[in-house]
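Novice: Just dropping this structure here.
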Amino acid sequence: MSLLDVQTVPRMFKVRQEFPRPEPLDISATVAAQIASVQDLLKPNARVAVTVGSRGIANLREIILTVLDALKAAGVQPFILPAMGSHGGATPEGQKRILADYGITEETMKVPIEAAMTTREVGRTVDGVPAFTSTTALAADGIVVLNRVKPHTDYFSRTVGSGLIKMMVVGMGKHDGAASFHRTAVHRGYEDTLRLLGKVVLREAPILFGLALVEHQYHDTARIEAVRPEDIESREAELLAEAAALLPKLPFDKADLLVVDQIGKNISGVGMDPNVIGRHAHHYSTLLQNVLEVTPFIRRIYVRGLTPETHGNAIGVGLADAVHARLAEAMDAESTFVNVRTALTLHNAKLPMHFPNDRAAIAGLLDTLALSDPALARVMRIRNTLDLATLELSEAFAGEATAHENLTVLSKPVEWQFDTSGDLDALA
């Protein structure tokens, strides 16, 4: 493979993507009001588990601390239940380490964190699929199911996705529950499996209420809402529609190359959100023509590194066409393999070709596009798939960017700023 000279790499300019910006949410007041709305479900001195997952939820530390304070004020004794399926290497220590990255520790939250991985089968669906729930959660007097509601990484349904039901089935199910769910879903479908197992957990586990979070395109909290158990299924469908409408997206549906600074479990369940990049956890094509009619259609993806919060879990690396060598070196094989084996998405752990620096990777991938003039390639660069407000575009997008009603051009096109090692600085 021949590497192109840097002069053939397109020049880049920075833009800001404008999304509708809701009024800032008063987290403390909102949480207090929502807990008050379900006060009748809280019994004095009850031990109550509060689920906390592994995703990089906006304002997570503040939300959890405020929820715990509100529960204490209501007279109950809360504790934190790490609820993240097989993440963190499927170990108590690994799951507590993930929470610590978000500033959630026993010292900062002033409550216990009970991270045991043991589960118990609580029942079966009508067709015999077992549902598992954390024994720690089952030993509590009640459970507050807290999670962000958003489209799943395999956008399989418009009425159920990553939210309260998935937290009950997969997160609270620890490794056993996650494995049971995925092994059934690949045969029977994600939506039906989630719904059926969710009904079992709702019936058998001491669920007090759900606390649903919705975020807007600036990766900030748009809604916090307490949902009574009998309303979880119907209300989650409504919240999912709201979350889908607020999902950040790339400004253009077609690109030759997407450069992603970081992927990680705190960003998405598969490292980078397939709803943003158009490559889904179970399939994608490297063809240069969009024969599968994928939206958006990104011909090549290059990933520069992992987030610190993912602790080497590089799930999703297989969705990229190339990575920086430092990502390959930082990959924790055991953590990654546990995750993909549980999710049954083995190709998400496949390591693509890797380059010694950014300059070689970008030039090398442009060379695979068979373009008559690589300097005219349509290239986008983002920090990650959660943060899409500020990004870089190649000069080929200049006319479209100027005409785009939601884009503000922040700089003139300039050459890539590679350092002496051939690498880029992090995208600000």
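Novice: What's the number of the condition LYS265 fails, among (1) outside any loop (DSSP other than H, G, I, E, B); (2) buried (at least 23 other Cβ atoms within 10 Å of the Cβ); (3) touching a helix residue (DSSP H, G or I) at 6+ places or on another chain (Cβ under 9 Å)?
Specialist: Single failed check for LYS265: (1).
Novice: Looking at the stretch 199-219, which of the residues that are closer than 17 Å to GLY53 by Cα and not in a loop (DSSP other than H, G, I, E, B) is modelled with the lowest pLDDT?
Specialist: That would be GLU215.
Novice: If you don't mind, there's one more thing I want to ask. Can THR310 be described as at pLDDT 90 or above, of a type in the set (Ser, Thr, Tyr), in contact with a strand residue (DSSP E or B) (Cβ under 8 Å, 6 or more places away or on another chain) and in the same structural domain as ILE63 (by TED's automatic domain parsing)?
Specialist: Spelling it out, it is not the case that THR310 is at pLDDT 90 or above, of a type in the set (Ser, Thr, Tyr), in contact with a strand residue (DSSP E or B) (Cβ under 8 Å, 6 or more places away or on another chain) and in the same structural domain as ILE63 (by TED's automatic domain parsing).
Novice: Turning to a different aspect of this structure: Counting residues that are in contact with a strand residue (DSSP E or B) (Cβ under 9 Å, 6 or more places away or on another chain) and touching a residue at least 24 places away in the same chain (Cβ under 8 Å), which helices (runs of 4 or more DSSP H) fully inside the stretch 320-391 reach at least 3?
Specialist: Fully inside the stretch 320-391 and qualifying: 325-330, 358-367.
Residue by residue, here is whether (1) surrounded by 16 or more Cβ atoms within 10 Å (Cβ to Cβ); (2) touching a Ser or Thr at 6+ places or on another chain (Cβ under 6 Å); (3) β-branched (Val, Ile, Thr); (4) farther than 30 Å from GLY189 by Cα holds:
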| site | (1), (2), (3), (4) |
| --- | --- |
| ASN348 | yes, no, no, no |
| LEU351 | no, no, no, no |
| HIS354 | yes, no, no, yes |
| ALA360 | yes, no, no, yes |
| ALA363 | yes, no, no, yes |
| LEU366 | yes, no, no, yes |
| ALA370 | no, no, no, yes |
| LEU388 | yes, no, no, yes |
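Novice: While we're here: If LEU138 satisfies all but one of (1) within 16 Å of the chain's Cα centre (by Cα); (2) surrounded by fewer than 22 Cβ atoms within 10 Å (Cβ to Cβ), what's the number of the condition it fails?
Specialist: It fails just one condition, (1).
Novice: Kindly evaluate GLU230 against the criterion of being of a type outside the set (Lys, Arg), within 19 Å of LEU164 (Cβ to Cβ) and out of contact with any helix residue (DSSP H, G or I) (no Cβ under 7 Å at 6 or more places or on another chain).
Specialist: It is true that GLU230 is of a type outside the set (Lys, Arg), within 19 Å of LEU164 (Cβ to Cβ) and out of contact with any helix residue (DSSP H, G or I) (no Cβ under 7 Å at 6 or more places or on another chain).
Novice: Among what's in the stretch 100-114 and is over 21 Å from the mean Cα position of the chain (by Cα) and either in a helix (DSSP H, G or I) or of a type in the set (A, V, I, L, M, F, W, C) (or both), pick the residue that is surrounded by the most Cβ atoms within 10 Å (Cβ to Cβ).
Specialist: MET109
Novice: Give the residue, chosen from PRO78, PRO20, that is in contact with a Leu (Cβ under 9 Å, 6 or more places away or on another chain) and surrounded by fewer than 20 Cβ atoms within 10 Å (Cβ to Cβ).
Specialist: After applying the criteria, what remains is PRO20.
Novice: Kindly indicate whether VAL67 is of a type in the set (A, V, I, L, M, F, W, C) and at pLDDT 95 or above.
Specialist: yes
Novice: Output the residues belonging to the stretch 176-200 that are within 18 Å of the chain's Cα centre (by Cα) and within 16 Å of HIS87 (Cβ to Cβ).
Specialist: The answer is ALA178, HIS182.
Novice: Okay, moving on. From the list ARG120, ARG97, which residue is among the basic types (Lys, Arg), at pLDDT below 95, on the phi < 0 side of the Ramachandran plot and outside any loop (DSSP other than H, G, I, E, B)?
Specialist: ARG97
Novice: Select, from ALA179, ALA185, the only residue that is of a type in the set (Gly, Ala, Ser), crowded, with 19+ Cβ neighbours inside 10 Å, touching a helix residue (DSSP H, G or I) at 6+ places or on another chain (Cβ under 6 Å) and touching a residue at least 24 places away in the same chain (Cβ under 8 Å).
Specialist: The conditions single out ALA179.
Novice: Here's a follow-up. For the stretch 49-63, does any single residue satisfy the condition of being surrounded by 19 or more Cβ atoms within 10 Å (Cβ to Cβ) and in a helix (DSSP H, G or I)?
Specialist: Yes, the stretch 49-63 contains at least one residue that is surrounded by 19 or more Cβ atoms within 10 Å (Cβ to Cβ) and in a helix (DSSP H, G or I).
The values are calculated or read from the model by the stated rules, or taken from the named source; none is laboratory data. This is a predicted model, so every value here is computed, not measured. So basically every Cβ, Gly included, is an ideal-geometry build from the backbone, and we count neighbours across all protein chains shown.
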